[in-house]
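Notes for the one structure printed next.
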Amino acid sequence: MKSNAFLIIIYNLLLLISNLYSQTEYKQALFWQVVDEKQKILQCTLCPRECILKPSQRGYCTVRININGKLYTMSYNHPVSIAVDPIEKKPVFHMLPGSKSFSLATAGCNLRCIHCQNWEISQRLPEEVHAYKLTPQQIVKMVIESGSQSISYTYTEPVIFYEYMLDIAKEAKKYKLKNVMVTSGYINLKPLDELINYIDVFRVDLKGFTEDFYRKLAAGRLQPVLDVLKYLRQKGAFIEVVNLIIPTMNDNPIEIKKMCEWIKDNLGDETPVFFSRFYPTHKLTNLPPTPVKSLEKAYDIAKEVGLKFVYIGNVPGHPYESTYCPNCKKILVKRIGYNVAENNIVKGKCKFCNAKIPGIWQ
């Protein structure tokens, strides 16, 4: 409680001395190329949309803009949401259970999910959302003062504030802090190379397992996300996958089984997989919350396929939000909502049978 109170004091002081959002203070972006030098037309190559922009045009994400033939980011140093969360809220279950994670976001997104729970900041123009100037150094100072052991880039899509995230992550590593990217994985492979050096956990939303689902509910494509997941695996990055099950939309057992088989074959059977409960929000309010039985069915399918670490999310108190040893079947990490009631992982191993458990435990 004391550390949280101190964080609030520090945060308010920083806000008092910081400049309000300035539309003229942009940072030159990474990952773009000139298409027409004479007409100053360029192409952003950060994400699969690869927007072609004339002068003064913005990308689909709304925060990357062509200014006189050069690409700039409007989100650098301008977080719109900051909080200290349990790491379990991300959700990330295989890194430092029970620890605090300093979480932040800027405005904007490169998808348009009709069920986005943070649409008020993800699907608005940056100038429409109140923001403050906080440098990577100031952010890391706040993280340390808060007692957090990690930084989570979350709430919106961190791909679109790539440069800000990267610089914060680099600064964080100087102080041995962990970095977590909570992402939809809608990014090109080349930008991932640099991120892999600094991000400890990629918590990826695999929203569905058909192109039709991605097109209708997110205005995106499935294949680029699958390519990113495979690439992360090839590079040795640690991945946790979340699938939000939406009634009538992506709850078909056949599709769920195909997805689980793909995860096992391409990411490995030790990849943590979450099936999370949907609640009506944003533009998708005509559907009910996901029945718990649907989540349990998905859980059973994943276990039958051979996935070893499967979870049910957004159902506080459910026994499948805890981590079980795949060898001796005993509870490794007992969770009740976002709280850790018991942790039986010692030096990365089950304390009962000594089986090695994948993750970051210290």
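Search the range 128-181 for residues being polar (S, T, N, Q) and over 20 Å from the mean Cα position of the chain (by Cα), and hand back the single one that is surrounded by the most Cβ atoms within 10 Å (Cβ to Cβ).
Selected residue: 146.
Give the residue that is farthest from the chain's Cα centre (by Cα), with candidates limited to residues of the range 43-84 that are surrounded by fewer than 21 Cβ atoms within 10 Å (Cβ to Cβ), among the charged types (D, E, K, R) and part of a strand (DSSP E or B).
Across the range 43-84, the extreme among qualifying residues is 70.
Within the range 338-357, is there a residue that is in contact with a Lys or Arg (Cβ under 9 Å, 6 or more places away or on another chain), part of a loop (DSSP other than H, G, I, E, B), touching a residue at least 60 places away in the same chain (Cβ under 8 Å) and more than 14 Å from residue 88 (Cα to Cα)?
Taking every residue of the range 338-357 in turn, at least one turns out to be in contact with a Lys or Arg (Cβ under 9 Å, 6 or more places away or on another chain), part of a loop (DSSP other than H, G, I, E, B), touching a residue at least 60 places away in the same chain (Cβ under 8 Å) and more than 14 Å from residue 88 (Cα to Cα).
Being more than 21 Å from the chain's Cα centre (by Cα) and on the phi > 0 side of the Ramachandran plot is the filter here, so list the residues in the range 222-263 that pass it.
Within the range 222-263, just 248 meets the criteria.
Consider residue 326 carefully, then state whether it is more than 24 Å from the chain's Cα centre (by Cα) and either at pLDDT below 95 or assigned to a loop (DSSP other than H, G, I, E, B) (or both).
Yes, satisfied.
Can you find even one residue in the range 46-68 that is among the aromatic types (Phe, Trp, Tyr) and under 18 Å from residue 123 (Cα atoms)?
yes
Could you tell me how many of the residues in the range 210-245 are in contact with a Lys or Arg (Cβ under 6 Å, 6 or more places away or on another chain) and closer than 15 Å to residue 260 by Cβ?
Number of matching residues: 1.
Could you please let me know if residue 124 is in a loop (DSSP other than H, G, I, E, B), more than 18 Å from residue 206 (Cβ to Cβ) and not small (Gly, Ala, Ser)?
yes
Identify, please: which residue in the range 16-56 is modelled with pLDDT of 95 or more and of a type in the set (Phe, Trp, Tyr) and is, among those, farthest from residue 160 (Cα to Cα)?
Ranking the qualifying residues of the range 16-56, first place goes to 32.
Residue 132 versus (1) in contact with a strand residue (DSSP E or B) (Cβ under 8 Å, 6 or more places away or on another chain); (2) modelled with pLDDT of 95 or more: which is the lone unmet condition?
(2)
Could you check residue 114 against (1) among the β-branched types (Val, Ile, Thr); (2) in a loop (DSSP other than H, G, I, E, B); (3) under 13 Å from the mean Cα position of the chain (by Cα) and say which number it fails?
(3)
Quick one: how many residues across the range 85-95 are surrounded by fewer than 19 Cβ atoms within 10 Å (Cβ to Cβ) and either touching a helix residue (DSSP H, G or I) at 6+ places or on another chain (Cβ under 7 Å) or outside any strand (DSSP E or B) (or both)?
Residues flagged as surrounded by fewer than 19 Cβ atoms within 10 Å (Cβ to Cβ) and either touching a helix residue (DSSP H, G or I) at 6+ places or on another chain (Cβ under 7 Å) or outside any strand (DSSP E or B) (or both) within the range 85-95 amount to 1.
A quick yes/no check of all residues on (1) at pLDDT 95 or above; (2) surrounded by 14 or more Cβ atoms within 10 Å (Cβ to Cβ); (3) part of a loop (DSSP other than H, G, I, E, B):
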{"site": "232", "(1), (2), (3)": "yes, yes, no"}
{"site": "239", "(1), (2), (3)": "yes, yes, no"}
{"site": "248", "(1), (2), (3)": "yes, no, yes"}
{"site": "261", "(1), (2), (3)": "yes, yes, no"}
{"site": "270", "(1), (2), (3)": "yes, yes, yes"}
{"site": "287", "(1), (2), (3)": "yes, yes, yes"}
{"site": "296", "(1), (2), (3)": "yes, yes, no"}
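Out of the range 197-229, which residues are in contact with a Leu (Cβ under 8 Å, 6 or more places away or on another chain) and exposed (fewer than 14 other Cβ atoms within 10 Å of the Cβ)?
211
Would you mention how many residues in the range 96-118 are surrounded by 24 or more Cβ atoms within 10 Å (Cβ to Cβ), over 24 Å from residue 132 (Cα atoms) and polar (S, T, N, Q)?
Matching residues across the range 96-118 total 0.
I'd like the full set of residues that are over 22 Å from residue 103 (Cα atoms) and part of a loop (DSSP other than H, G, I, E, B), limited to the range 177-221.
Hits for the range 177-221 are 188, 208, 209, 210, 219, 220, 221.
The values are calculated or read from the model by the stated rules, or taken from the named source; none is laboratory data. Quick caveat: nothing in here was measured; it's all calculated off a predicted structure. Glycine also receives a Cβ, built like all others from the backbone with ideal geometry; neighbour counts cover every protein chain displayed.
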